[in-house]
1. Can you confirm whether region 9-22 contains a residue that is part of a helix (DSSP H, G or I), modelled with pLDDT of 95 or more, of a type in the set (A, V, I, L, M, F, W, C) and under 20 Å from the mean Cα position of the chain (by Cα)?
2. For region 26-63, name all the residues that are closer than 16 Å to Leu79 by Cβ, of a type outside the set (A, V, I, L, M, F, W, C) and under 16 Å from the mean Cα position of the chain (by Cα).
3. So which of Gly65, Gly40 is surrounded by fewer than 15 Cβ atoms within 10 Å (Cβ to Cβ) and not in a helix (DSSP H, G or I)?
4. Only residues in region 62-73 that are closer than 16 Å to Gln32 by Cβ count as the first member; pair them with residues that are surrounded by fewer than 12 Cβ atoms within 10 Å (Cβ to Cβ) and at pLDDT 95 or above, Cβ under 8 angstrom, at least 6 apart or cross-chain, and list the lot.
5. Tell me yes or no: at least one residue of region 69-77 is modelled with pLDDT of 95 or more, within 24 Å of Arg16 (Cα to Cα) and of a type in the set (A, V, I, L, M, F, W, C).
Amino acid sequence: MPNTKSAAKANRSSERKRLRNKSTKSALHTLQKRFLGLVGEGKKDEAAALLPRIASALDKAAKGGVIHRNSADRHKSRLALRLAALNATPAK
């Protein structure tokens, strides 16, 4: 139980931000999971089409402070490497 009005307001604000951050992170995880599934199935074209959407979502999350900028860059780099490795393998 907060002792002051400002503490109560801070709790309300914190809860709103927590829910927004949770929603954003969940959406990021879903996009990344879908991308990795496409890469695992060998669907190069669909994965390549999804990568810019993931990069944009990561950049927006970093801009809003949901994740750190370096974390967003690291995720984008690793996903791009996965796609590049998929494109490097010969088609079956």
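1. Step one: of region 9-22, the residues part of a helix (DSSP H, G or I) are 9-22.
Narrowing further to those that are modelled with pLDDT of 95 or more: 9-22.
Now restrict to residues that are of a type in the set (A, V, I, L, M, F, W, C): 10, 19.
Then drop every residue that is not under 20 Å from the mean Cα position of the chain (by Cα), which leaves 19.
Yes.
2. His29, Thr30, Gln32, Lys33, Arg34, Gly37, Pro52, Arg53, Ser56, Asp59, Lys60
3. Values: Gly40 fails: not in a helix (DSSP H, G or I).
Testing whether each residue is surrounded by fewer than 15 Cβ atoms within 10 Å (Cβ to Cβ) and not in a helix (DSSP H, G or I) leaves just Gly65.
4. Close Cβ pairs (under 8 Å, with a partner that is surrounded by fewer than 12 Cβ atoms within 10 Å (Cβ to Cβ) and at pLDDT 95 or above) amount to Ala62/His68.
5. Yes: region 69-77 contains one or more residues that are modelled with pLDDT of 95 or more, within 24 Å of Arg16 (Cα to Cα) and of a type in the set (A, V, I, L, M, F, W, C).
Here is a yes/no grid of residues against (1) among the basic types (Lys, Arg); (2) closer than 30 Å to Ala88 by Cβ:
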position	(1), (2)
Ser6	no, no
Lys9	yes, no
Leu36	no, yes
Val39	no, yes
Lys43	yes, yes
Lys60	yes, yes
Arg69	yes, yes
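The values are calculated or read from the model by the stated rules, or taken from the named source; none is laboratory data. The model shown is predicted, which means the values in this text are computed figures rather than measured ones. With ideal geometry, Cβ positions are generated from the backbone for all residues, glycine too; neighbour counts draw on all protein chains shown.
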